[in-house]
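What follows is calculated from the coordinates using simple rules that are stated; it is not laboratory data. From a predicted model like this one, the values you see are computed outputs, not experimental measurements. Positions of Cβ are backbone-derived with ideal geometry, glycine not excepted, and every protein chain shown enters the neighbour counts.
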Amino acid sequence: MEKIIKIGLAILFFLCLLDMPYGFFELVRFIALLGFGFLAFKANEKGDARETIIYAALALLFQPFFKIALGRGLWNILDVIVGITLVLSVFKKK
């Protein structure tokens, strides 16, 4: 389940690089909040404090309620970095 969420979030972040309507970005932020919240919860269940903090921080960064104005260019860079990191985390061995 976690791998599916990571791949799904990565795809959404890569789609954010395209010229999409503003509502799409709002939807991605809401889905990212839910996805990263779930990943933080699962990491906490496993006792992995580092991943819990990372996923919780990403949930706060992407949450749609109190927007963080970083500009389109910086958001695109963040989308690529987070998307690539999520894809790589699917393939890493524990």
Task: Potential lengthening between residue 27 and residue 48 on full extension [0.36 nm per residue; Cα-Cα distance subtracted] - done: 4.7 nm
Open item on the list: Shape verdict for segment 39-94, please, from the Cα gyration tensor: rounded (a/c under 1.5), prolate (a/b greater than b/c) or oblate.
Closed with: oblate
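Around residue 13, under 13 Å between beta carbons, what's the net of Lys plus Arg minus Asp minus Glu among the other residues? Walk me through the numbers before you get to the answer.
Numbers: positive: 6, 29; negative: 79.
Taking every Cβ under 13 Å from that of residue 13, the sum is +1.
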Task: Computed [θ] at 222 nm, helices only, for the chain once each DSSP H run of length n ≥ 4 contributes -39500 (n - 2.57) - done: -26500 deg cm²/dmol
Task: Sites matching chymotrypsin sites (Phe, Trp or Tyr not before Pro) across segment 63-94 that sit in DSSP coil, with at most 14 neighbouring C-beta atoms within 10 Å - done: 65, 66
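Let me know the charge dipole size of the chain about its Cα centre in debye, to the nearest 20, where only the beta-carbon of Lys, Arg (+1) and Asp, Glu (-1) is charged.
Working: 11 positive and 7 negative charges, 62 e Å.
Using Cβ point charges on Lys, Arg, Asp and Glu, the chain gives about 300 debye.
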Task: Calculated FRET efficiency for the pair residue 89/residue 68, C-beta based, R₀ 35 Å, to 0.05 - done: 0.95
TODO: At a temperature of 25 °C and a viscosity of 0.890 mPa s, determine how fast segment 2-91 diffuses translationally according to Stokes-Einstein, using the Kirkwood radius over alpha-carbon pairs as Rh; express D in µm²/s, rounded to the nearest whole number.
DONE: 187
